[in-house]
Amino acid sequence: MAKLDPFFKLMLDTGASDLHLSTGNPPLLRVHGDLQRVKYKVLEEEELREMLYEVAPEEVIKKFEEEGDVDFGLEIPGLARFRANYFRQRKGIAAAFRLIPTKIKTIEELGLPSILNKLALLPKGLVLVTGPTGSGKSTTLAAIIDYANRMRYDHIITIEDPIEFVHEPKNCLINQREVGIHTKSFASALRSALREDPDIIMVGEMRDLETISLALEAALTGHLVFSTLHTISASKTVDRIIEIFPPDQQAQVRSSLADSLKAIISQTMFKRVDRPGRIVATEILIATPAVRNLIRENKTYQIPSVIQTGRKYGMMSLDDCIMDYLKKGWISPEEAFIKAIDKTRFLPFIQTKDIADFTEIPG
């Protein structure tokens, strides 16, 4: 048994999402969004290095020693799977482990809108899941891919860094590729994927211009492409994709995005106050003809208004979802206020006199 195994078991026993190990500190677990110290001694550099190297493949250790940080997938047989990151910090070596459930939850089990299942059945186009780090993007994407796996008879290729959720073939053929092990980069894997007869391509993250360009090309040439971006709303997502291209290419990109985009799901995680746990608030943009026109005409600032009036198409604004959770007593007024887009809607629910405690620092 590896020396880290008791910490991994403790994660499962406490329902922790993350384990943090850092030289000069005791171990910490993130439980329902909050960091909690484990009753254990302060970790020394050599002790921690030995613990981390014991579970890491040789090629991962080599890359870490050369570059100072590394991501990889770690599976503990009979226990769980983790996304691991090793890095150096001021006091020495450190690591973060994210627990990846072995069972992929359905859209219904995650409490997400059922329209997300319909997105898994689209014949082609681009579907994006966005949100800040830790907002559950990978979990949502895994649920959508799993639904496609169960309901379609197609070829699915995933390109991830690292592989997180493991999909066993059901009705679909699934090939999962990990950047750095099975392919050099997202872009090279995408170029290759276009010659591998896929029906669905899942790109773990659209990080750069080349990857975004190839994803758009794949969506325009008859493939269903899923990916993620670190953006906080549907309109900001559209802006981010267009602005990454040089100015002289942006008009063409707007046209390509308008033609290929099918939906954007933006997520924000909230701590529940009615019971232990967390819940995801979602904004959903469906690419109707009106939305496509706004993208082509560079009027993305009008997208929030279209979302407000597009409920019949399955659209939902983030603020409406947050308000629904707040009225049900699932989340706190303070967190609702902090994470809302239009904060004035949530002011009447704030009890504290010092509103400045819950507003962003200007500038």
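The values are calculated or read from the model by the stated rules, or taken from the named source; none is laboratory data. Values in this document were obtained by computation on a predicted structure and should not be read as measured data. Here the Cβ is made from the backbone with ideal geometry for all residues, glycine too, and neighbour counts use every protein chain on show.
Looking only at segment 279-299, decide whether some residue is surrounded by fewer than 17 Cβ atoms within 10 Å (Cβ to Cβ), in contact (Cβ under 8 Å) with a residue 60 or more places away in the chain, out of contact with any Pro (no Cβ under 7 Å at 6 or more places or on another chain) and assigned to a loop (DSSP other than H, G, I, E, B).
no
Out of the residues in segment 198-225 that are touching a residue at least 60 places away in the same chain (Cβ under 8 Å) and in a helix (DSSP H, G or I), state the one that is surrounded by the fewest Cβ atoms within 10 Å (Cβ to Cβ).
For segment 198-225, the residue satisfying everything is L216.
I'd like to check which helices (runs of 4 or more DSSP H) are fully inside segment 81-197 and have at least 1 residues that are within 20 Å of the chain's Cα centre (by Cα) and crowded, with 22+ Cβ neighbours inside 10 Å.
Of the helices (runs of 4 or more DSSP H) lying wholly inside segment 81-197, those with at least 1 residues that are within 20 Å of the chain's Cα centre (by Cα) and crowded, with 22+ Cβ neighbours inside 10 Å span 115-119, 137-151, 186-193.
Consider segment 1-35. How many of its residues are over 21 Å from V273 (Cβ atoms) and small (G, A, S)?
3
Only one of these is in contact with an Asp or Glu (Cβ under 8 Å, 6 or more places away or on another chain), closer than 18 Å to L128 by Cα and either of a type in the set (D, E) or in the same structural domain as R240 (by TED's automatic domain parsing) (or both): G180, G204. Name it.
Selected residue: G204, the only one of G180, G204 that is in contact with an Asp or Glu (Cβ under 8 Å, 6 or more places away or on another chain), closer than 18 Å to L128 by Cα and either of a type in the set (D, E) or in the same structural domain as R240 (by TED's automatic domain parsing) (or both).
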